[in-house]
Amino acid sequence: MKGLAARLLAGGVTGVLALAVAVVAGVGLTQNATHGDPKVDLSGLPDMPKERVRAYREAAGHRDLFQHLPCYCGCALLDEPHASLDRCFYAPDGTLEPHAAGCRICSEIALLAADLVHQGASHAEVRAQVDATFTGVGPATDTPLP
């Protein structure tokens, strides 16, 4: 996916639209995941694959971390650019943001970060691993280090 995303994003607006279509094509499985915070009400979001459901549940439990993680999906180029991975999952008013429901990259970053935290990694270690893994996939949000 990294190579494909980089090639599509390099194609400008057309490439970003093609990437969005490719990402949305992965949506459509079930919302029954048991990881993360099971109390998060996802009923307002579209049906999505289990890994994206888990990503939303993990986002609910790791907002303090996600606010310090960049996203590499291209959301930095939106009319209202995202400032961090947290913004892909939560709107400024604290309600769930549907952006990550249709974005494989957001979910991959979220799940990598959550898995690292569950393995005992510090926030600085998580940030370093996210940057090392996703740099070059797409334009990053301008997210300061904690």
For this session: Say whether the condition of being more than 17 Å from Thr143 (Cα to Cα), open to solvent by 50 Å² or more (accessible area, probe 1.4 Å) and of a type in the set (Ser, Thr, Tyr) is met by at least one residue in region 54-75.
Result: no
Exercise. Do the conditions hold for Ala110, that is, is it out of contact with any Pro (no Cβ under 6 Å at 6 or more places or on another chain) and crowded, with 19+ Cβ neighbours inside 10 Å?
Worked result: yes
Exercise. Are there any pairs with C-beta distances below 7 angstrom linking a residue in region 130-143 that is within 17 Å of Leu65 (Cα to Cα) and assigned to a helix (DSSP H, G or I) to a residue that is among the hydroxyl-bearing types (Ser, Thr, Tyr) and open to solvent by less than 40 Å² (accessible area, probe 1.4 Å), with the two at least 6 apart or on different chains, and if so which?
Worked result: Phe134/Tyr72
For this session: Those residues that are of a type in the set (D, E, K, R) and touching a helix residue (DSSP H, G or I) at 6+ places or on another chain (Cβ under 9 Å), I need them from region 58-79; list them, please.
Result: Glu58, Arg63, Asp64
For this session: Considering each residue of region 42-99, count those that are more than 18 Å from Val126 (Cα to Cα) and not in a helix (DSSP H, G or I), and give that number.
Result: 22
Exercise. Taking interchain pairs and intrachain pairs at least six residues apart, which have beta carbon atoms under 6 angstrom, with the first residue in region 74-90 and under 14 Å from Ile109 (Cβ atoms) and the second part of a helix (DSSP H, G or I) and among the charged types (D, E, K, R)?
Worked result: Asp86/Arg63
Problem set entry | Subset of region 37-53 [open to solvent by 40 Å² or more (accessible area, probe 1.4 Å), without any contact (Cβ under 8 Å) to a residue 40 or more places away in the chain and not charged (D, E, K, R)] | Pro38, Ser43
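The values are calculated or read from the model by the stated rules, or taken from the named source; none is laboratory data. As the structure is a prediction and not an experimental result, all values here were calculated from the model. Neighbour counts are summed over all protein chains in view; Cβ atoms, including those assigned to glycine, are modelled from backbone coordinates with ideal geometry. For the accessible areas, the whole protein counts, side chains as well, though only heavy atoms, and no ligand, DNA or RNA atoms are used. Shrake-Rupley method; radii C 1.70, N 1.55, O 1.52, S 1.80 Å.
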